[in-house]
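The values are calculated or read from the model by the stated rules, or taken from the named source; none is laboratory data. From a predicted model like this one, the values you see are computed outputs, not experimental measurements. Cβ sites come from the backbone with ideal geometry, for glycine too, and all protein chains shown count toward neighbours. Just the protein is used for accessible areas: all its heavy atoms, side chains included, with ligands, DNA and RNA removed. Shrake-Rupley method; radii C 1.70, N 1.55, O 1.52, S 1.80 Å.
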Amino acid sequence: DGAIDWDALDELTQWYVRAGVAGLFSVAQSSEMYALRDEERLAVAGRVVQVSGGRVPVVATGTFGGSIEEQASFVRRMAAVGVDGVVVLTCQMAGVDESDDVWRANAERLLSLTGEIALGLYECPQPYKRLLSPELIGWAARTGRFRFHKDTSCMTAPIHAKIEAVRGTPFRFYNANTATLLDSLQAGGHGYSGIAANYFPELYVWLCREFERRPAESLRLQRFLTVADRLVGYKYPRSAKLFLGMRGLRLGPMCRVGNPEFVEEEILALEQLRDYALALIGELGAG
């Protein structure tokens, strides 16, 4: 009926933690965050904090439009549920036609209204995609309030420039793009935060931990993940829920953001992706 499945959320949270993830991004686009009411957003984030029990940090989005004052108010409400950081969507700090100067001024205003709350940045593609320049990323890192960034530029040159802009600071850079992941890790990036972690988090955990120590296997894994990513994004997020069901989790495929039908060949493709991924998990000892 479209209601939040709390039991499934609890099981999913535990499953991610057992897979070895470095953190959980609750209330993100994969969480169908724009289809949740404010109270649901707070409840989902609070539930993930409770179930994860401090084993990994939890962050959640806190900016969903309106004036900067309104967004700051919700950031404070989200922080109060116990998350370790509140995520600022880059597309909510300025309009699509507004300059970086406007963006920074609005971000500074948000900082002034949210005390010492730890914040993160996410180049969310909805309602429009706003990529930050290396200069803005460097400024954010130097404020001491922004702790990490989820990058969706999907291109090596800007990724390298952003990583260089925050080098030597505590600021953490997470790539949302699979095809450029290994390259970004080798350039000094700190990890992955993308949709394929909803399918086989064990493989992304392994790559982020082992890419320096086991380079040949890492390259082989990178190639698999890049090819698999095309199927991962097909009819997402319903495809991810179907896939997780194939992996034994007890959650249904119902989505608020769309429920496309899957024909037999599409189901077979997901099943074969599961089998291939599980074989790699076993071969690498990633489980």
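Worth a mention:
- Rounded percent of accessible protein surface that carbon and sulfur make up, the stretch 1-104, 1.4 Å probe: 47 percent
- Axis of helix 264-284 versus longest Cα principal axis of the chain: the two differ by about 90°, to the nearest ten degrees.
- Average accessible area per residue (Å²) across the stretch 144-254 - probe 1.4 Å, nucleic acids and ligands excluded: 44 Å²
- Extended-chain gain in nm, criterion 0.36 nm per residue less alpha-carbon gap, ASP183 and ARG247: 20.1 nm
- Straight Cα distances below 17 angstrom link LYS235 to the aspartates and glutamates GLU32, GLU261, GLU264, GLU265, GLU266, GLU271, with same-chain residues fewer than 8 positions distant left out.
- Theoretical FRET efficiency, 1/(1+(r/R0)^6), r = Cβ-Cβ of ASP5 and GLU212, R0 41 Å, to 0.05: 0.60
- Loop-located trypsin sites (Lys or Arg not before Pro) in the stretch 44-79 (DSSP state not H, G, I, E or B) with no more than 16 neighbouring Cβ atoms inside 10 Å: ARG55.
- In degrees, nearest ten, helix 68-80 long axis to first principal axis of the chain (Cα): 50 degrees
- Relative contact order %, the stretch 97-241, counting alpha carbon pairs below 8 Å whose residues are six or more apart: 16 percent
- In the chain, the sites counted are chymotrypsin sites (Phe, Trp or Tyr not before Pro) in DSSP loop states with at most 14 other Cβ atoms within 10 Å, and the longest stretch holding none of them, exclusive of the sites, is 1-127.
- Axis angle, to the nearest 10 degrees, between helix 100-113 and the longest C-alpha principal axis of the chain: 80 degrees.
- Label-to-label distance, ILE267 versus ASP101, with points set 7 angstrom from Cα along the beta-carbon direction: 5.9 nm.
- Counting only heavy atoms of the protein chains and using a 1.4 Å probe, SER99 has close to 60 Å² of accessible surface.
- Taking 0.36 nm per residue of separation and subtracting the current Cα-Cα distance, fully stretching the chain between TYR276 and ARG77 would add 67.4 nm.
- Where labels lie 7 Å past Cα in the beta-carbon direction, separation of PHE224 and VAL257 in nm: 2.7 nm
- Accessible surface of the stretch 188-232, 1.4 Å probe, proportion on carbon and sulfur as whole %: 52 percent
- Cleavage-rule hits, trypsin sites (Lys or Arg not before Pro), the stretch 123-173, DSSP coil, Cβ neighbours within 10 Å at most 16: LYS129, ARG167
- Around the amide H of THR63, modelled in the peptide plane, lie the amide H atoms of LEU89, all under 5 Å away and 5 or more residues distant in sequence or on another chain.
- Sites TYR34 and THR156 - FRET efficiency at Förster radius 35 Å, r taken between beta-carbons, to 0.05: 0.75
- Chain lengthening between GLU283 and THR143 when straightened (0.36 nm per residue, less Cα-Cα): 46.1 nm
- GLU70-GLU108 pseudo-label distance in nm [points 7 Å out on the Cα-to-Cβ vector]: 2.4 nm
- Checking every one of the GluC sites (Glu not before Pro) in the stretch 102-159 against DSSP loop status and a limit of 14 other Cβ atoms within 10 Å picks out GLU116.
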